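Everything below concerns the one structure shown next.
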Amino acid sequence: MIDLHCHILPGLDDGARDASTALHMAWAAVHDGITDIVATPHTEDGVYRHSADEVRKAVERLQQQLLEAQVPLRLHPGSEVHIHPELIDQLRAGQIMTLGDQGRYLLLELPLRNVPRVMERIFDDLADRGITTILAHPERNLVLQEQPWRLAAWSEEYGVLAQLTAGSVTGQMGKTLQRTALSFFQSRLAHLVASDAHDLKNRRPELRAAYLKLAALDLQEAAGYRERAELILFANAGERRSFPC
């Protein structure tokens, strides 16, 4: 399985607090059946700010540690970007990391309580640059909970993809988020699921339980989620790559 959203890089944000935690998170992911993780530290959220180069170096350091510990997990650089006025300018300057460092997909986080008026303009600007927006955990946004049709409109007009959080799907994050996430899934308003893991206690790097839950509702749609994640990560690879050795 491919996890496109995980806060595994130690010390960069509110995810893994140190290298030991990151190592244990990596083992947990492997035991769950995850083969590839895109490390997506928060950036431009008012607390954390990480350049693309900082993320690349952090991924290289942790990947080397995983190799030394013989953890069969491949890491890829990414970021979870919060909406901010300089977003497009920073992308143009190469300062913000896209998923897999491919320049094709950007993981974007909405505020929890509102939808900024500039959303459509941002989607349009990104699309003009050949970048597809992936919305992180739309089920948490209060506006989208009440107006799910917005997801359909954004997908149709701008090609936006919606990414559910595994803990929302399984109910670990509460019944309200579970109802919303499953409603989005069954209404074909979402397209992906990821762990959004931060630690080993409450937000673990696990996907299997979420996929089983989705498959019980619609096996074909759940399989599409898994295939889509691999296509996104290896969009420029030509074929599935093996583990580093």
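Quick look at the numbers
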read-out: Condition broken by THR21, with the remaining ones in (1) among the polar types (S, T, N, Q); (2) modelled with pLDDT of 95 or more; (3) part of a loop (DSSP other than H, G, I, E, B) satisfied; value: (3)
read-out: The stretch 44-73, residues that are under 28 Å from TYR211 (Cα atoms), surrounded by 18 or more Cβ atoms within 10 Å (Cβ to Cβ) and not aliphatic (A, V, I, L, M); value: GLN63
read-out: Pick from the stretch 24-43, criterion over 28 Å from PRO111 (Cα atoms) and buried (at least 20 other Cβ atoms within 10 Å of the Cβ), ranking: nearest to the chain's Cα centre (by Cα); value: ILE34
read-out: Candidates ALA28, ALA19, ALA52, filtered to the one that is out of contact with any Asp or Glu (no Cβ under 8 Å at 6 or more places or on another chain) and either touching a residue at least 12 places away in the same chain (Cβ under 8 Å) or of a type outside the set (Asp, Glu) (or both); value: ALA19
read-out: Members of the stretch 62-85 that are touching a residue at least 12 places away in the same chain (Cβ under 8 Å) and of a type in the set (D, E, K, R); value: ARG74, GLU80
read-out: GLY171 modelled with pLDDT under 95, under 20 Å from the mean Cα position of the chain (by Cα) and surrounded by 13 or more Cβ atoms within 10 Å (Cβ to Cβ); value: no
read-out: Index of the failed condition, LEU4 passing every other in (1) within 29 Å of GLY224 (Cα to Cα); (2) part of a loop (DSSP other than H, G, I, E, B); (3) in contact with a Ser or Thr (Cβ under 8 Å, 6 or more places away or on another chain); value: (2)
read-out: Residues satisfying the stated conditions in the stretch 104-160, i.e. crowded, with 18+ Cβ neighbours inside 10 Å and basic (Lys, Arg); value: ARG140, ARG150
read-out: Restricting the stretch 74-87 to residues that are among the hydrophobic types (A, V, I, L, M, F, W, C) and buried (at least 17 other Cβ atoms within 10 Å of the Cβ), the residue that is farthest from PRO205 (Cα to Cα); value: LEU87
read-out: Residue within the stretch 47-54 that is closer than 24 Å to ARG117 by Cα and in contact with a Lys or Arg (Cβ under 6 Å, 6 or more places away or on another chain) present; value: no
read-out: Residue match in the stretch 39-57 (condition: part of a strand (DSSP E or B) and among the small types (Gly, Ala, Ser)); value: yes
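The values are calculated or read from the model by the stated rules, or taken from the named source; none is laboratory data. Since the model is a prediction, treat every value here as computed from it, not as a measurement. Neighbour counts are summed over all protein chains in view; Cβ atoms, including those assigned to glycine, are modelled from backbone coordinates with ideal geometry.
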